[in-house]
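Trainee: Here it is: the structure, laid out below.
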C-alpha cells in the first residue's frame with residue numbers, strides 16, 4: 001500500500017472528526033492536534049474547514065461511483081448488476097466508514113455552491129440505479145415499480161446499515177449483503193402468493 | 001381540535017427548532033423567542049434543554065407505536081398487517097415531521113440514562129415488525145429472509161423519505177406508500193423469475 005500523503009492524513013483525520021463530532025462542532029485546532037500538525041500546517045493544505053468537508057464529500061461520492069460502476073460492469077443482467085452494485089457499495093462503505101458518514105450526515109453543512117457538485121454526483125448514482133431498474137423492467141425481469149422510489153429504497157437500505165448493524169454480532173457481513181439482496185430483489189412475500197389469477201391468454 | 005396547551009406549544013416549537021438547527025446549536029433563548037415566552041417561562045415547563053429533547057423523543061416513539069399497533073390490529077394476515085403498519089407510519093410521519101426528525105436525527109444527543117427508555121420503545125417497534133415477519137414465515141406466506149435485516153430495511157425505507165421525497169412532485173403520498181409496499185413486500189424481480197426449478201415432488 002502506498003504511504004499516505006500529508007494531505008491524505010488531513011482528509012482522513014478530518015473525516016473521522018466530522019463523522020463523530022459533526023462538522024459544526026469540529027474545530028481546525030482539534031483537527032491539527034489529531035493529525036499531528038500545527039494549525040498553519042493544516043492551512044497549508046486547505047483554505048478553510050468547509051473546503052475540507054467539500055473535498056471529503058466529492059472524494060467519497062467519486063470513489064463510491066467508481067466501485068459501483070465496476071460492480072455493475074461485470075454483467076449485462078440487471079439483477080446481477082444490482083447484486084454487484086450492492087456488494088460494491090457495502091464493501092466501500094466498510095472500507096471508508098468515516099468518509100461516507102461525513103458525506104451522508106454533514107453535507108448539509110456545505111454552502112449551496114459547494115453542495116451542487118456533490119448533489120450532481122449523487123444524481124449520477126441515482127441515474128445509474130434507475131437505468132438498471134428501467135432496463136430490467138423493459139426486459140420483463142423486474143416488476144413495474146416506480147424506479148425513483150425503488151432506487152431511493154435501495155439507498156435507504158444500504159446507507160442506514162451503520163445505525164443498527166454490528167459486524168461482531170451473529171450476522172456476518174457477507175450474510176448481511178445476501179439478506180439485503182433477498183429482501184430488495186425478492187421482496188418479503190413468497191412468489192407463489194404473488195401470482196395473480198390471470199384471464200386466459202389469447203392464443 | 002382541542003386548544004394547544006402551553007407545554008404543548010413549547011414541545012412543538014422545540015421539535016421544529018431541534019429538527020432544523022440541531023439540538024446542540026439550538027438555545028433556550030431562541031426557543032423562548034419562537035414560542036413567545038420568556039426564558040423563565042420555558043423553565044417553568046422544563047428542567048433543562050435535554051429534558052425537552054427527551055420528552056420529544058419519548059412522545060414521538062409512543063405516538064408512532066400507538067398508530068402502527070392500531071394499523072396492525074385491523075387484520076390477522078401478516079402482509080395486510082405490514083401494509084397497515086406502513087400506511088400508519090408514513091401518515092404519522094407526515095403529521096409530525098419535526099418530532100420524528102428530532103427523534104431520528106438528535107436522539108444521539110441524549111445522555112445514556114435518558115436514551116435508554118427511547119431505545120426500549122424503538123426495540124418494541126422492532127419486535128412488533130419482527131413478530132409479524134416471523135408469523136408470516138411460519139405460515140409460509142413470507143420468504144425466509146432474516147427478520148432483523150428485513151425489519152431494519154423497512155425502517156430504512158420509511159425513515160429516509162424526507163431526504164428525497166417531495167410531496168409536491170409527480171408522485172402523490174398515497175402512490176408513494178403503495179410503491180414502497182410493492183418494493184418491500186413484492187421485491188424487484190418478477191415472481192415468475194424467482195421460482196427455482198424443483199425436483200419432482202413425491203406423490
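The values are calculated or read from the model by the stated rules, or taken from the named source; none is laboratory data. What you see is a predicted model, and the numbers here were worked out from it, not measured in a lab. Glycine gets a Cβ as well: all are built from the backbone with ideal geometry, and neighbour counts include every protein chain shown.
Trainee: For residue A:105, state whether it is more than 20 Å from residue B:143 (Cα to Cα), assigned to a helix (DSSP H, G or I) and at pLDDT 95 or above.
Mentor: It is false that residue A:105 is more than 20 Å from residue B:143 (Cα to Cα), assigned to a helix (DSSP H, G or I) and at pLDDT 95 or above.
Trainee: Still on this structure, please answer the following. Test residue B:149 against the criterion of being surrounded by fewer than 17 Cβ atoms within 10 Å (Cβ to Cβ) and either within 12 Å of chain A (Cβ to nearest Cβ) or in contact with a strand residue (DSSP E or B) (Cβ under 9 Å, 6 or more places away or on another chain) (or both), and give yes or no. Before you say what the answer is, go through the steps one by one.
Mentor: Numbers: surrounded by fewer than 17 Cβ atoms within 10 Å (Cβ to Cβ): no; either within 12 Å of chain A (Cβ to nearest Cβ) or in contact with a strand residue (DSSP E or B) (Cβ under 9 Å, 6 or more places away or on another chain) (or both): yes.
So residue B:149 does not fit the description; no.
Trainee: Mind listing just one residue for me: the one in the stretch B:152-172 that is facing another protein chain (nearest Cβ under 7 Å) and assigned to a helix (DSSP H, G or I) and, of those, nearest to residue B:104 (Cα to Cα)? Talk me through it step by step, then tell me what you get.
Mentor: Going residue by residue through the stretch B:152-172, those that are facing another protein chain (nearest Cβ under 7 Å) are B:152-153, B:156-157, B:160, B:164, B:171.
Filter once more, so that each one left must be assigned to a helix (DSSP H, G or I): B:152-153, B:156-157.
Numbers: B:152: 14, B:153: 15, B:156: 11, B:157: 13 Å.
Among those that are facing another protein chain (nearest Cβ under 7 Å) and assigned to a helix (DSSP H, G or I), it is B:156.
Trainee: Still on this model: Is one or more of the residues making up the stretch B:35-49 in contact with a helix residue (DSSP H, G or I) (Cβ under 9 Å, 6 or more places away or on another chain) and either within 14 Å of another protein chain (Cβ to nearest Cβ) or within 28 Å of residue B:151 (Cα to Cα) (or both)?
Mentor: no
Trainee: Criterion first (touching a residue at least 24 places away in the same chain (Cβ under 8 Å), under 19 Å from the mean Cα position of the chain (by Cα) and closer than 16 Å to residue A:109 by Cβ) does residue A:86 satisfy it? Even if it seems obvious, please write down each step before you answer.
Mentor: Values: touching a residue at least 24 places away in the same chain (Cβ under 8 Å): yes; under 19 Å from the mean Cα position of the chain (by Cα): yes; closer than 16 Å to residue A:109 by Cβ: no.
Considered against the rule, which asks whether it is touching a residue at least 24 places away in the same chain (Cβ under 8 Å), under 19 Å from the mean Cα position of the chain (by Cα) and closer than 16 Å to residue A:109 by Cβ, residue A:86 comes out as no.
Trainee: Could you list all residues from the stretch A:108-146 that are more than 7 Å from chain B (Cβ to nearest Cβ) and not in a helix (DSSP H, G or I)?
Mentor: Passing the criteria: A:110, A:111, A:139, A:144.
Trainee: Of all residues being modelled with pLDDT of 95 or more and within 21 Å of residue B:156 (Cβ to Cβ) in the stretch B:108-122, which is surrounded by the fewest Cβ atoms within 10 Å (Cβ to Cβ)? Just the residue, please.
Mentor: The residue in question is B:120.
Trainee: Keeping to the stretch A:50-84, report how many residues are under 30 Å from residue A:21 (Cα atoms) and surrounded by 15 or more Cβ atoms within 10 Å (Cβ to Cβ).
Mentor: Count: 15.
Trainee: Identify all residues within the stretch B:173-187 that are at the interface with chain A (Cβ under 7 Å from one of its Cβ atoms), within 16 Å of residue A:151 (Cβ to Cβ) and either out of contact with any helix residue (DSSP H, G or I) (no Cβ under 8 Å at 6 or more places or on another chain) or touching a residue at least 60 places away in the same chain (Cβ under 8 Å) (or both); write none if there are none.
Mentor: Answer for the stretch B:173-187, where residues must be at the interface with chain A (Cβ under 7 Å from one of its Cβ atoms), within 16 Å of residue A:151 (Cβ to Cβ) and either out of contact with any helix residue (DSSP H, G or I) (no Cβ under 8 Å at 6 or more places or on another chain) or touching a residue at least 60 places away in the same chain (Cβ under 8 Å) (or both): B:176, B:180, B:182, B:184.
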